[in-house]
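What follows is a set of notes on a single structure, which appears directly below.
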Amino acid sequence: MSTTSIVNIAIVGLGFGAEFIPIYQAHPNARLVAVCQRDPAKLAALRQAFGIPKGYTSYAELLADPEIDAVHINTPIPDHAAQTLVALAAGKHVACTVPMATTVEDCRKIVELSAATGLRYMMMETVVYSREFLYVKDLYESGELGKLQFMQASHQQDMDGWPHYWPGLPPMWYATHCVGPMLALTNARAEHVSCYGSGTIRPELAAAYGSPFAVESAHLKLRGSDLSARIVRSLFDTARQYRESIDVYGSRKSFEWSLIEHEPHILHTAKRPEPEIPSRVTVPDYAHRLPEGLRPYTTEGVYDTAANMHLSFTQGSGHGGSHPHLAHEFVSALVEGRDPRPNAPASANWTCVGLCAHQSALAGGQRVDLPEFTLG
Ligand SMILES: NC(=O)c1ccc[n+]([C@@H]2O[C@H](COP(=O)([O-])OP(=O)(O)OC[C@H]3O[C@@H](n4cnc5c(N)ncnc54)[C@H](O)[C@@H]3O)[C@@H](O)[C@H]2O)c1
């Protein structure tokens, strides 16, 4: 990368990835140079709609373009690791949507190649930049929660009808929305995990990845800490509204996610008369932390003119307003010459918790240690 304060970005994969086009275009330190996707008609339409200088239907040709400093990968899950590795080998910094990879070995290769090349890697985990997470992090860091005692997270979603790589995917292979916030809150790494599978999905789904479980629930132990956390995942044949939740329990205050989306979350305060312990909270937006041009992209909620901030109760389609924060963190890290949060080892730790958890579930709940390369 050049030493200028402008980072030349290319987005690869334009389903979910297309949401980031106007965000990078609005960033004062980014230039969206190119987009890549295999369907030429869709590529042309998006380039025209957003005025993007270059378009590629071939990822290899995009990587050969010396103008591009960094790629943001948003392709199907099975492609993440291979596309990350060739991008690093081609001298590009990498941001990649979740998960980092679907094998521990691929996570190791990415961590090693990022370290060997000095190129930055960031897994674009949405939950750790959602307004709810930023709110809980503020409560924790300001001491309002008191001593942290326990955390749990769930991600339940019915993925019937989603693209070809989803049917039968082991729930814990896509666990970073749960694991990420548990570890990002305290800047910890997971040391070991154990997991049980529960229930059974339809045989045709179970055959796809050899994973029979409807629900996987895991406990992970935080390294160098007295804390453990619980995570719960389901993808098929389990009746539940879409929900990515985090609950954080402290000695003085605890945050609990609402049971139904679009309803306000709950803050419990200790040592009050029982009926007064829970109260509904309005989670503020954190748009003020962003460059001005990115602020409108944090909200699908309400703009409170009196408070001069966006207010919302929802996670919703904008993933808690996380997209501009993710892009801003990636671009800022590159401009400032530092590791993004999460960096490669942290991203590997978060991803490998899920991979090791599934391994544990297949072995009847056996404890599995996280690999050493994810702990550094
Ligand atoms: N909250 C989140 O973090 C979140 C939300 C949605 C999706 N995602 C992730 O984003 C990724 C994409 O999701 P989606 O729903 O858009 O999937 P999708 O399968 O609908 O779209 C993938 C896109 O990648 C393109 N593509 C595939 N192979 C390519 C290649 N070799 N070169 C260039 N382009 C290629 C496709 O044309 C398509 O535009 C998935 O990995 C998913 O896990 C994350």
Revision key, fill the gap. Being touching a Leu at 6+ places or on another chain (Cβ under 6 Å) and assigned by TED's automatic domain parsing to the domain that holds ASP160 narrows GLY210, GLY180, GLY250 down to just GLY250
**Study point:** The listed residue being buried (at least 20 other Cβ atoms within 10 Å of the Cβ), within 15 Å of GLN152 (Cβ to Cβ), under 17 Å from the mean Cα position of the chain (by Cα) and of a type in the set (Lys, Arg), out of ARG233, ARG189, ARG243
**Key:** ARG233
**Study point:** Given (1) surrounded by fewer than 23 Cβ atoms within 10 Å (Cβ to Cβ); (2) outside the structural domain of TYR286 (by TED's automatic domain parsing); (3) in a strand (DSSP E or B), number of the condition ILE52 does not satisfy
**Key:** (3)
Practice item. Answer yes or no as to whether ASP79 is outside any loop (DSSP other than H, G, I, E, B), within 19 Å of the chain's Cα centre (by Cα) and surrounded by fewer than 18 Cβ atoms within 10 Å (Cβ to Cβ). Key: yes
Study note, to complete from the structure: The condition of being closer than 21 Å to HIS319 by Cβ and out of contact with any Cys (no Cβ under 6 Å at 6 or more places or on another chain) holds, among SER254, SER258, SER211, SER194, only for SER258
Point to revise | Residue list for region 200-247, filter: farther than 30 Å from GLN149 by Cα and β-branched (Val, Ile, Thr) | key: THR200, ILE201
**Study point:** Every residue from region 113-170 that is within 25 Å of PRO284 (Cα to Cα) and polar (S, T, N, Q)
**Key:** THR126, SER130, SER142, GLN149, GLN152, SER154, GLN156
Exercise for review: Name the residue, out of ALA41, ALA10, ALA34, that is within 16 Å of the ligand (Cβ to nearest atom) and in a helix (DSSP H, G or I).
Suggested key: ALA41
Exercise for review: Give the number of residues within region 85-141 that are in a loop (DSSP other than H, G, I, E, B), away from the ligand (no atom under 14 Å from the Cβ) and under 19 Å from LEU355 (Cα atoms).
Suggested key: 1
Check your understanding: Got a number for residues in region 119-154 being within 17 Å of the chain's Cα centre (by Cα) and buried (at least 22 other Cβ atoms within 10 Å of the Cβ)?
Key -> 16
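The values are calculated or read from the model by the stated rules, or taken from the named source; none is laboratory data. Please read all numbers here as calculations on a predicted model, not as lab measurements. Glycine also receives a Cβ, built like all others from the backbone with ideal geometry; neighbour counts cover every protein chain displayed.
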